[in-house]
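K.L.:
Attaching a single structure in C-alpha cells format; questions to follow.
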Ligand code: PMP
Ligand code: GLN
C-alpha cells in the first residue's frame, strides 16, 4: 500500500541506541537516565500493583494525580487550574502531543515548527492532514526569529509548536520571548502547543518560562509535560496536558480513542510522590547542573567544543576541529572509533544544516560520564 509517511524511517533514537548496543558503545544518544527514579516512588508503584490497583484508570486520569498537577501548576506558575476540566493525564508526552495536534489540525491547516524540532511533531501534523512549516532557529543560541514567524503566519496557520527547554539544543525561552509570541498571535485564532517536558531541568538559576505563567498565551495553549523526565522514569510513559476546558474537551475526544487511559498504579504513585516530596522539583536543576558541569569540564580535554546548555539533559558539542563528516556519518564513525554514541541534530531539520554539532545525553552516572569523556578525549 501507499505509505502515509513515505519520508519516515525508524527514529534516530532507536537507530542510534541499537548501533550503540551492537557495538558495545557507551550510549549518550537516546535521552534517558541510566539511574533509577526515587525509591519512594518505585515502592509506591509496587505497593499499588500488589494492592489491586491494576484496572483501567478514569479516562482523563486518576483524580488525585490531576489535583496534584493542578496544585503544582498553581504553586509554581501561578496559573489557577481546574483539575477536572483542564488536566488530562496521557501515556507519555508523546501521546499528549499527538492528541493535541489531532484534536485541532484539519486538512490544509499549517502548523509552524522551529528547526531543529523534536521528531514526533511533523508526522502527527501530516497524519492529520496538516502541513508543517519549518522555521530555522538561529544558531549558535538557537533563538526564535520573530520576524520570520510574523512573515510565516497566514490564514491557514492553525498552530505554533514551541519547546522550551529545547531538545536537542538546550535553548530556553525568556519572558520577553513569550511576550513577542503573544503579540504575534494576538487578534488571531492561532493555537499554541507548548512542549515543556524539561520544565524542571533548567540551569544557572534561569527560571522556566512556562506558557502557563502567561495568562494571554495560556488561554490558547496546550501545555505538555512528562513525568519520565522529572522522575527519571522514561520507561513508564506518563505525561499530561494542561489546556483550557474547551481545548481539553477536544483533546480528550482523541485521547479516549487513542489510549483511553494511562497506567493506573503509576498514576497513583505519582500522585503520592507529588504530594509527599514536592522538593524533588527544586533539587532537579542542581542535580543535572552538576552533571552538565562535570561532563563539560571533562570534555575540555577533548577537541570537541561547547557552549554550556541552558536546560534539558542534553549538551551540544561542535566537532568541526575533529572531522568534516556530516553529523549522521560522524555519529556512526564516533561509535566505531570512540565507542560513544551521540545524536546527529541535522535529522531534526528540514533544511540542510551548516553546523557540525552532535548531541550528548548527560543523564548518566558520573562514572559513565567519566568513561565516555575519557574515550572522547582520545579522538
Ligand atoms: N518532547 C520532547 C522534546 C522530548 O524530548 C520527549 C522525550 N524524548 C518527548 C516529547 C516525549 O516524552 P515521553 O517520553 O513522555 O513521551
Ligand atoms: N526524547 C528522547 C530523546 O530526545 C527520546 C525519546 C524516544 O526515543 N522516542 O532522546
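K.L.:
Consider just the alpha-carbon atoms of segment 280-365 and return their Rg together with their Dmax, both in angstrom.
P.N.:
That works out to 13.6, 42 Å for Rg and Dmax.
K.L.:
Also: So how far apart, in nm, are the two label points at residue 150 and residue 3 if each is 7 Å from Cα heading toward Cβ?
P.N.:
About 4.0 nm, to one decimal.
K.L.:
Could I have the simple spin-label model distance between residue 258 and residue 366, label points 7 Å from Cα toward Cβ, reported in nm to one decimal?
P.N.:
Output for this residue pair reads 4.0 nm.
K.L.:
On average, how much area does the Cα convex hull of segment 226-297 cover when viewed from any direction, in nm²?
P.N.:
Working: hull surface 26.1 nm².
Reported value for the Cα convex hull: 6.5 nm².
K.L.:
Name the residue, out of 100, 57, 351, whose mean-square fluctuation peaks in a Gaussian network model built on the chain with Cα pairs under 10 Å.
P.N.:
351
K.L.:
Oh, and also: With labels modelled as points extended 7 Å from the Cα through the Cβ direction, what inter-label distance (nm, one decimal) is found for residue 80 paired with residue 23?
P.N.:
For the pair residue 80/residue 23, the computed spacing is 5.6 nm.
K.L.:
For segment 314-338 and segment 140-182, what is the separation of their Cα centres, given in Å?
P.N.:
28
K.L.:
Calculate, for residue 303 and residue 354, the FRET efficiency according to 1/(1 + (r/R0)^6) with r their C-beta to C-beta distance and R0 22 Å; round to the nearest 0.05.
P.N.:
E(calc), rounded to 0.05, equals 0.70.
K.L.:
Where both partners of a DSSP beta bridge lie in the chain, what percent of those bridges are antiparallel, to the nearest 5?
P.N.:
Numbers: 18 of 38 bridges.
The antiparallel proportion sits near 45 percent.
K.L.:
In addition: Once you have the Kirkwood Rh of segment 6-131 from its Cα pairs, apply Stokes-Einstein at 10 °C and 1.306 mPa s and quote D in µm²/s.
P.N.:
Roughly 87 µm²/s, to the nearest whole number.
K.L.:
Which percent of Cα-Cα pairs in segment 233-378 sits in each 10 Å bin, short to long?
P.N.:
9, 29, 25, 22, 13, 1
K.L.:
Project the alpha carbons of the chain onto their principal axes and report the range along each, largest first, in whole Å.
P.N.:
55, 53, 49
K.L.:
Something else: Mind jotting down the three principal axis lengths of segment 3-64 based on Cα atoms? Whole angstrom, largest first.
P.N.:
Largest first, segment 3-64 extends 42, 35, 17 Å along its Cα principal axes.
K.L.:
Just how many % of Cα pairs in segment 93-232 lie over 19 Å apart, if you round to the nearest whole percent?
P.N.:
The share of Cα pairs beyond 19 Å in segment 93-232 comes to 47 percent.
K.L.:
Gaussian network model of the chain, Cα springs within a sub-10 Å range: biggest mean-square fluctuation belongs to which of 332, 42, 75?
P.N.:
Taking springs between Cα atoms under 10 Å, the residue moving most is 75.
Just so you know, all these numbers are worked out from the coordinates, no wet-lab data involved. What you see is a predicted model, and the numbers here were worked out from it, not measured in a lab. Because the Cβ atoms are built from the backbone with ideal geometry, glycine has one as well, and the counts that use them run over all protein chains shown.
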